[in-house]
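A.B. asks: To start, I am sharing the structure in question, which I have written as structure tokens.
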Amino acid sequence: IKPPAYTGEEIRTLALGSSDVRGPVISVPEKSELTVRIHQGAGSAELRTGPIGSTVPDPQAIRFQDVGNGASEARIVLTRDMSVRLTMSGQTAGFWKVRAVPDAKPEIAFRTPLAVMQSQTLRFHYGLKDDHGVVAALAKIRLVTPPLNAKAEDAEFSFDLPLPPKPARNGESTVFKDLTAHRWAGQQVLVTLEAKDGAGQIARTPPVKIKLPERMFQQPLARALIEQRKLIVAEPRFRPKAAEALDAFSVAPEIFTPDAAIYLGLRVAHFRLEYARDGDDLRPAEELLWNLAMKVEDGAVADAQAELRRIQQELAK
């Protein structure tokens, strides 16, 4: 009997047995494959299944197939409890009672409430459980109030969650996630955790409503740029209004934006919004507005922080 590969269980070899219905029951994972191989006399062999508590077999036999070198095989996928009888020339050569144990659905739950830390990161403290092991876990975040006519992919995003050591049958983890740079920062969202097992079954936590943490900017121009970014993220139809605001921000650069890089960035962002046709065209403008705000707020420190975050992400991987 060969269990499904994701269970990690070894192949079991069965001994030939009598037709005693009171004999032991063999428990194996559901969808295991029972293979009976005969090296001689396959023409007189029959393999029949039946209810687990009965010696009366099903009327239809399972056919043996030639596999070469004088051997023949019959295979059964164990999707239910059953008895299996092998006869050779009318005599019982093997009789087994097999229980197909269903794969339990995985479990995932918050161990402590989802929390916003002082650093404005989100803390995820969760537990996982599965009979054969969880193979994937993720956090899904979707907007409470998506923009009008928003695509499905624009109303939800997700990221992978670390698993306990393999086979990940039971354990818990804590993850700190910085989402202050995300385009939804400052908006109300619903957070759901998902766990998936090797059989493809998925478990979900009830959604948790929370306001995504956002960075507080001190420089007036940085705050204004973030306000325009939030405006077009929440309602893309306000794109012309945001473009007009960016045009105003670039008035008299020698007084208000003496940094040439900031001024040129404002002009690029203005024209990107001016000529954007859909949400996909707005993405580069949104990212540019965030980078400009960080540059105004932190100067060269912003570049160093971005590089540090990149290195931290690589380290985490």
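The values are calculated or read from the model by the stated rules, or taken from the named source; none is laboratory data. In this text the structure is predicted, and so the values were computed from the model without any measurement. No Cβ is skipped: glycine too gets one built from the backbone with ideal geometry, and neighbour counts run over all protein chains shown. Note: areas computed on protein heavy atoms with side chains; ligands, DNA, RNA excluded. Shrake-Rupley method; radii C 1.70, N 1.55, O 1.52, S 1.80 Å.
A.B. asks: Assuming Glu9 fulfils every condition listed in (1) among the acidic types (Asp, Glu); (2) at pLDDT 90 or above; (3) more than 42 Å from the chain's Cα centre (by Cα) apart from one, which condition is it?
C.D. replies: Among (1) among the acidic types (Asp, Glu); (2) at pLDDT 90 or above; (3) more than 42 Å from the chain's Cα centre (by Cα), the lone unmet condition for Glu9 is (3).
A.B. asks: Is it the case that Glu297 is within 25 Å of Ser158 (Cβ to Cβ) and either charged (D, E, K, R) or in contact with a Cys (Cβ under 9 Å, 6 or more places away or on another chain) (or both)?
C.D. replies: No; evaluated as a whole, the condition is false for this residue.
Condition check ((1) among the hydroxyl-bearing types (Ser, Thr, Tyr); (2) within 17 Å of the chain's Cα centre (by Cα)) across all residues:
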| site | (1), (2) |
| --- | --- |
| Thr145 | yes, no |
| Lys177 | no, yes |
| Ala181 | no, no |
| Gly198 | no, yes |
| Gln201 | no, yes |
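A.B. asks: Is region 24-42 home to any residue that is assigned to a strand (DSSP E or B) and more than 39 Å from the chain's Cα centre (by Cα)?
C.D. replies: Step one: filter region 24-42 for residues assigned to a strand (DSSP E or B), giving 25-29, 32-38.
Next cut, more than 39 Å from the chain's Cα centre (by Cα) only: 37-38.
Yes, region 24-42 has at least one match.
Rundown of residues vs (1) among the basic types (Lys, Arg); (2) part of a loop (DSSP other than H, G, I, E, B); (3) at pLDDT below 90; (4) surrounded by fewer than 16 Cβ atoms within 10 Å (Cβ to Cβ), yes/no style:
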position: Ala136; (1), (2), (3), (4): no, no, no, yes
position: Ala139; (1), (2), (3), (4): no, no, no, no
position: Thr145; (1), (2), (3), (4): no, yes, yes, yes
position: Phe157; (1), (2), (3), (4): no, no, no, no
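A.B. asks: Something else: Can you find, within region 77-108, the residue that is nearest to the chain's Cα centre (by Cα) among those that are under 19 Å from Tyr6 (Cβ atoms) and open to solvent by 60 Å² or more (accessible area, probe 1.4 Å)?
C.D. replies: Step by step, filter region 77-108, then rank; the result is Glu107.
A.B. asks: Look at Leu289 and say whether it is in a helix (DSSP H, G or I) and either touching a helix residue (DSSP H, G or I) at 6+ places or on another chain (Cβ under 7 Å) or modelled with pLDDT of 85 or more (or both).
C.D. replies: Considered against the rule, which asks whether it is in a helix (DSSP H, G or I) and either touching a helix residue (DSSP H, G or I) at 6+ places or on another chain (Cβ under 7 Å) or modelled with pLDDT of 85 or more (or both), Leu289 comes out as yes.
A.B. asks: For region 111-134, what are the residues that are hydrophobic (A, V, I, L, M, F, W, C) and either part of a loop (DSSP other than H, G, I, E, B) or buried (at least 17 other Cβ atoms within 10 Å of the Cβ) (or both)? If you could, list the steps in order and put the result at the bottom.
C.D. replies: First pass over region 111-134, keeping only residues hydrophobic (A, V, I, L, M, F, W, C): 114-117, 122, 124, 128, 134.
Selection gives Leu114, Met117, Leu122, Phe124, Leu128, Val134.
A.B. asks: Take region 264-280 and flag every residue that is surrounded by fewer than 17 Cβ atoms within 10 Å (Cβ to Cβ) and touching a helix residue (DSSP H, G or I) at 6+ places or on another chain (Cβ under 7 Å).
C.D. replies: The answer is Val268, Glu274.
A.B. asks: Now a separate question. Does region 190-234 hold any residues that are open to solvent by 40 Å² or more (accessible area, probe 1.4 Å) and in a strand (DSSP E or B), and which are they?
C.D. replies: Within region 190-234, Lys196, Ile202, Arg204, Val208, Lys209, Lys211 qualify.
A.B. asks: Sort out which residues of region 59-76 are surrounded by 14 or more Cβ atoms within 10 Å (Cβ to Cβ) and more than 18 Å from Leu14 (Cβ to Cβ), and write them in order of number.
C.D. replies: Ala61, the sole residue that qualifies.
A.B. asks: Could I ask something else about it? In region 217-237, which residues are touching a helix residue (DSSP H, G or I) at 6+ places or on another chain (Cβ under 9 Å), closer than 17 Å to Glu287 by Cα and not basic (Lys, Arg)?
C.D. replies: Residues satisfying the conditions are Phe217, Leu221, Ala222, Ala224, Leu225, Ile226, Glu227, Gln228, Leu231, Ile232, Val233, Pro236.
A.B. asks: Taking Val67 as meeting all but one of (1) of a type in the set (A, V, I, L, M, F, W, C); (2) within 15 Å of Trp96 (Cβ to Cβ); (3) in a strand (DSSP E or B), write down the number of the exception.
C.D. replies: (2) is the only condition that Val67 fails.
A.B. asks: Turning to a different aspect of this structure: Given the structure, is Phe176 over 30 Å from Val134 (Cβ atoms) and of a type in the set (A, V, I, L, M, F, W, C)? Give the derivation first.
C.D. replies: Details: over 30 Å from Val134 (Cβ atoms): no; of a type in the set (A, V, I, L, M, F, W, C): yes.
Judged against the criteria, Phe176 is not a match.
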